[in-house]
Amino acid sequence: MSHMHRGPLLSAGLLLGVGLGGFVDGIVLHQILQWHNMLSSLLPPDTLVNAKVNMFWDGLFHAFTWLMTFGGLVLLWRAGQRTDVPWSTATFAGCLLGGWGLFNVVEGIIDHQFLGVHHVHPGAGEL
């Protein structure tokens, strides 16, 4: 039996998790609830110009999440073509959750806390 390689499945799951986590954040928090935009702490969307700038940066954010998701699908497709990649639902699901968690660490800690570019539902009761 040849040596099995889990790396391709791990990479695909992580990228898909980052992309899907970003889509949920962007769709739910940015678009549906409209609780924040990418630069809302720096440029509050209280004027048309600020709202348009925020919308542009939200678009770049969505392009990034699309690229992560597409990259994850490409890696998953390639992994599916290989006979040395062991298929495991638990491994793939764990990597999806790990990628989603990685997205939340970067988004929550770096963007929200360190850089302070936006906060979820700013104002009274923000915490």
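Points worth noting:
- Fraction of accessible area attributable to carbon and sulfur, the stretch 31-90 (%, probe 1.4 Å): 71 percent
- Per-selection Kirkwood Rh - the chain (Cα, Å, 1 d.p.): 15.9 Å
- Accessible area in square angstrom per residue, the chain, 1.4 angstrom probe: 62 Å²
- Kirkwood hydrodynamic radius of the stretch 33-87, from the reciprocal of the average inverse Cα-Cα distance over all distinct pairs: 13.6 Å.
- Debye, to nearest 20: dipole size of the stretch 6-114, +1 on Lys, Arg Cβ, -1 on Asp, Glu Cβ: 380 debye
- Relative contact order %, the stretch 6-114, counting alpha carbon pairs below 8 Å whose residues are six or more apart: 52 percent
The values are calculated or read from the model by the stated rules, or taken from the named source; none is laboratory data. Keep in mind the model is a prediction, meaning the values are calculated, not measured. Cβ coordinates were reconstructed from backbone atoms using ideal geometry, including for glycine residues, and neighbour counts include every protein chain displayed. These area figures cover heavy atoms from the full protein model, side chains too; ligands, DNA and RNA do not enter into them. Shrake-Rupley method; radii C 1.70, N 1.55, O 1.52, S 1.80 Å.
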